[in-house]
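Since the structure comes first, as structure tokens, the remarks are kept for the end.
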Amino acid sequence: MKEIEKTYDFKEWERFLYSKWLDAKVFRATVDEARGKRVFTIMMPPPNVTGNIHMGHVLDNTIQDVVARFKRMTGYYVLWQPGTDHAGIATQNVVERELKKEGKTRWEVGREEFIKRVWEWKEKYGNLIIESLKKLGISPDWDRLRFTLDDGYSKAVIEAFVRLYEAGLIYRGYRLINWCPRCGTALADDEVEREEESGYIYYLRYPLTEGGYIVVATTRPETYLGDVAVAVNPQDERYKGLIGKRVKLPFVGKRVDAEGKEVYPEIPIISDESVDMGFGTGAVKITPAHDFNDWEIGEKHKLPKVQVIDFDGKINENGGEWKGLDRFEARERIVKAFANAGLLEKVEKHTYSPGRCYRCSTVIEPLPSLQWFVKMKPLAQKALEAYDKGELIIVPEMFGKVYKNWLENVKDWCISRQIWWGHRIPAYYGPDGEVFVGRNYEEALQKAEKRYGEKVELKQDEDVLDTWFSSWLWPFATLGWPEETEDLKVFYPTHFLQSGWDILFFWDARMIMAGLFFTGKVPFKVLYLHGLLRDKYGRKFSKSLGNFPDVFELLDKYGADGLRFGVMSLTPEGRDIRFDENQLLVGRNFANKMWNINRLINMYLEGEVDLVKPNPTKPYQKWALHMLGNYIDVITKNLENYEFDDYVKNLYHLIWSNVADWLVEASKPYIKEGKREALDVLLYVWINSLKLAHPIMPFITDAIYETLPLKNKEITLMKTEWPRREYEYPDEYEYFEDLKEAITVFRSIKDLVGIKSAPYRGDVDESFVFLAGAENGDAEIWVKIPSRFEVYIGLTREQKNKVVQKLNREREELLSVVSKVEKKLSSDFVHKAPKHVIENEREKYKTLKAKLSDIERQLEMLNG
RNA sequence: GGGCGCGUAGCUCAGGUGGUUAGAGCGCUCGUUUGACAUGCGAGAGGUCGGAGGUUCGACUCCUCCCGCGCCCACCA
């Protein structure tokens, strides 16, 4: 017998096994090997290079690893493609912060030097996240690691831009966009976050040119500088007479609009249906350059656009005396000026939701500017059709509605970013500003010279593309697109993509659009969306609350398997997950339990063991084999249907409540005697249980596999075949289930009267005697164990009373159930219910009645 | 305003197409250091399934309304 440590040392085993797996290249996926096999491809959502590992990564990757290992064991050839995302704004921010420590800005070091710095930073820290992920024991093909800014990938991004442009789905336009003054870039609509905040609403008096004033309500008084009209509802009786009149904005002279025209402070009062008479005063100031609604009203009424806040968040020349002030400071000063002039009617508290940058939380400033956009409608249309045709399965289904809802209302996507870290937009401008889009300078130049008919110099667009514009190509760009590679032919389209629902719009839906446009195929068959992890109070994990656990600490305390097990068992389909560290303890304990089951089994194994298909003889053995079959069926179904929490729960019950609590215990007397078939059965059930557990707990199962002296072992359980049901003993299964119940009753009576062992009498399977803790002997009183077995427990007269009490309680309970059933059987039920239901009910009635009379007979005897 | 979801034991949650004596894990109580494991073993206590109606022979399960909670999108002058 090999000496096996008493406690599972997960740290040592995890280190040993992971390098063993990597050395043996068991995660490798190549085209040559894949040919002719059933292929299953998973695309890892690329973590940001800036990212530290957090619970979201743990959940993401555990789910994928479970699927990857399960699929491999069920005969698929699996490619799990890993990689990282350059995460444009996020990474740029990190490096800018580094620079700031040196007292420099990116402008001071210049574009080229700055990008060099970011690359240096990426080389140094960019793979930390990957190394962290490896600690989880996950099984992607690391040799295929890709990066959204590596050479091949960048080529794909440029190609995608050019093709969309040529298809008329990318355009450049002057629009109002979300601007982050801190990051200094435009953002897409969904990169803006909104949360309720309390602030103020100011009531300003705008003097009418003919005397008197009209009051407007605003949360952003500083934008009054850019007002070009006041709007009221045409139905509003209060203002009917004022429509067409003018107000004169105080403290401000003439301003200059986007077209360079002068705009005077006397602005018209106009009418527009969209004005809500019930809000504020019913009179709205219109600032087309700094508000999305006002922009629309401005377009409708052909109003000028006066920009007053600049890209740095400061008031510009149009702001007169406030020029150069930060927008928030300007607000205070302007309110003061209104107040001093008697033009501030009142200030009220007000709850609203200002947009904030999803990368730095700075308040977004809507600004008009020239940006690049993707026309989304045509792409969305195809994505909708594909879903309706069933080319895509979304799990859980409920998110299908969310998906559709978004696609049906999607707006054009602003993809240009005024930062430096990313894929530079392949648009080049001629001397007259004409745009030429090309895969490279030469291609653009060719187009340009054809047009101009002479040699020209082109200047490339300064902006880079939104990070999501590169990651939406992930499922095929990682496989070599736009080349028609063998990888693409073999591994694409992919089969399983999982993510949190929070990036359904950012990433998942966009990948579907890109996949359909560029490859004509939905890029993955199944989209699995898991909920988001929250703390135990249901709050989001956030930096400011500091309520998120440290993954390394958790790995240290519970081991990778414990962490994986715990997180997965907490993961209901789709709904958010309250994280509870206690559940990890369950995972760790479970691993330890497995370790100790194995220690026991190992004690009785001698020499090299052949795995054989056992020939069961005892009832418990047949029960065990049938029971295993049940779990194989249900667990396989759980995994096929992506029901991960059920998988984990069933596994736990198989191994702990059945294998450990009953099979191992029932086996003990036989394996101690060296009975061959007892060991065969135990080993057979055990190996198969380990296989079932391997996808979620790869380390402990392989560690155990290492310790078992088996002949013809594979490198890892992952290389073995997934279990199939091989035994059916329904009768013996029922028999032993009933015996278990009788054993429990016997034990509970012992416990009730406070004895460790009790005499028994009767004709019953020998497992009963051992498991119930029964012995031969005499007794004053014999009490029948309520069950289908003719077996009695021997007690003294003193012990009797407690048992009588217990039996009485049971009798009461039974009586009430019986009367319920009786009532049912004498009602309309017997005429209207389906036959099998009635039959069931009658069967139940018989059983209950028998049990009841059993108890009553006992009570009579005991009382007599 | 549009959409989605939730409310079952102290806690976290299971309970396809209506028929179970309503389950699990944790926690709790009692007992227990017997050579696999105290990260353990054995035995228990604990729920009028948010509320009110309705459909039905029968509702935790279906319908309506109400109460409470959460989320997404839009709006927030």
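Do the conditions hold for residue A:51, that is, is it within 16 Å of RNA strand B (Cβ to nearest atom) and under 28 Å from residue A:94 (Cβ atoms)?
no
Just checking, does the range A:390-398 include any residue being under 22 Å from residue A:169 (Cα atoms), in contact with a helix residue (DSSP H, G or I) (Cβ under 6 Å, 6 or more places away or on another chain) and either at pLDDT 90 or above or assigned to a strand (DSSP E or B) (or both)?
Looking through the range A:390-398, none of the residues is under 22 Å from residue A:169 (Cα atoms), in contact with a helix residue (DSSP H, G or I) (Cβ under 6 Å, 6 or more places away or on another chain) and either at pLDDT 90 or above or assigned to a strand (DSSP E or B) (or both).
Which one is least open to solvent (accessible area, probe 1.4 Å), of the residues in the range A:4-31 that are under 19 Å from residue A:555 (Cβ atoms) and acidic (Asp, Glu)?
Going through the qualifying residues, I end up with A:14.
Return the residues of the range A:260-284 that are without any contact (Cβ under 8 Å) to a residue 24 or more places away in the chain and either more than 14 Å from RNA strand B (Cβ to nearest atom) or farther than 18 Å from residue A:219 by Cβ (or both); say none if nothing qualifies.
Answer for the range A:260-284, where residues must be without any contact (Cβ under 8 Å) to a residue 24 or more places away in the chain and either more than 14 Å from RNA strand B (Cβ to nearest atom) or farther than 18 Å from residue A:219 by Cβ (or both): A:260, A:262, A:264, A:265.
Taking residue A:218 as meeting all but one of (1) within 21 Å of residue A:342 (Cβ to Cβ); (2) exposed (fewer than 15 other Cβ atoms within 10 Å of the Cβ); (3) within 9 Å of RNA strand B (Cβ to nearest atom), write down the number of the exception.
Tallying (1) within 21 Å of residue A:342 (Cβ to Cβ); (2) exposed (fewer than 15 other Cβ atoms within 10 Å of the Cβ); (3) within 9 Å of RNA strand B (Cβ to nearest atom), residue A:218 fails exactly one: (2).
Quickly run through the range A:498-533 and pick out the residues that are more than 19 Å from residue A:51 (Cβ to Cβ) and assigned to a strand (DSSP E or B).
If the condition is that a residue be more than 19 Å from residue A:51 (Cβ to Cβ) and assigned to a strand (DSSP E or B), then A:524, A:525, A:526, A:527, A:528, A:529 are the ones that fit.
Can you pull out every residue in the range A:285-322 that is open to solvent by less than 50 Å² (accessible area, probe 1.4 Å), within 16 Å of RNA strand B (Cβ to nearest atom) and touching a residue at least 12 places away in the same chain (Cβ under 8 Å)?
A:285, A:286, A:287, A:288, A:289, A:290, A:295, A:297, A:298, A:303, A:308, A:309 - these are the residues of the range A:285-322 that are open to solvent by less than 50 Å² (accessible area, probe 1.4 Å), within 16 Å of RNA strand B (Cβ to nearest atom) and touching a residue at least 12 places away in the same chain (Cβ under 8 Å).
Within the range A:411-449, how many residues are in a strand (DSSP E or B) and open to solvent by 70 Å² or more (accessible area, probe 1.4 Å)?
Total satisfying the criteria: 1.
Consider residue A:556 against the criteria (1) open to solvent by 20 Å² or more (accessible area, probe 1.4 Å); (2) touching a helix residue (DSSP H, G or I) at 6+ places or on another chain (Cβ under 9 Å); (3) in a loop (DSSP other than H, G, I, E, B): it satisfies all of them except one. Which criterion is unmet?
If we test residue A:556 against (1) open to solvent by 20 Å² or more (accessible area, probe 1.4 Å); (2) touching a helix residue (DSSP H, G or I) at 6+ places or on another chain (Cβ under 9 Å); (3) in a loop (DSSP other than H, G, I, E, B), just (3) comes out false.
Quick check on the range A:235-246: of everything there that is away from RNA strand B (no atom under 13 Å from the Cβ) and in contact (Cβ under 8 Å) with a residue 24 or more places away in the chain, which residue is nearest to the chain's Cα centre (by Cα)?
A:243
Six or more apart or on different chains, Cβ under 8 Å: which pairs go from a residue in the range A:386-401 that's farther than 14 Å from residue A:530 by Cβ to one that's hydroxyl-bearing (Ser, Thr, Tyr) and crowded, with 17+ Cβ neighbours inside 10 Å? Could you list them?
A:387/A:403; A:400/A:387
Quickly run through the range A:345-371 and pick out the residues that are hydrophobic (A, V, I, L, M, F, W, C), away from RNA strand B (no atom under 11 Å from the Cβ) and outside any strand (DSSP E or B).
The answer is A:360, and nothing else.
Residues in the range A:759-809 that are under 24 Å from residue A:737 (Cα atoms), of a type in the set (D, E, K, R) and open to solvent by 20 Å² or more (accessible area, probe 1.4 Å): how many?
Qualifying residue count, the range A:759-809: 9.
The values are calculated or read from the model by the stated rules, or taken from the named source; none is laboratory data. None of these values were measured; they are calculated from a predicted model. Note: ideal-geometry Cβ built from the backbone for every residue, glycine included; neighbour counts use all protein chains shown. In case anyone asks, the SASA skips ligands and DNA or RNA and just uses the protein heavy atoms, side chains included. Shrake-Rupley method; radii C 1.70, N 1.55, O 1.52, S 1.80 Å.
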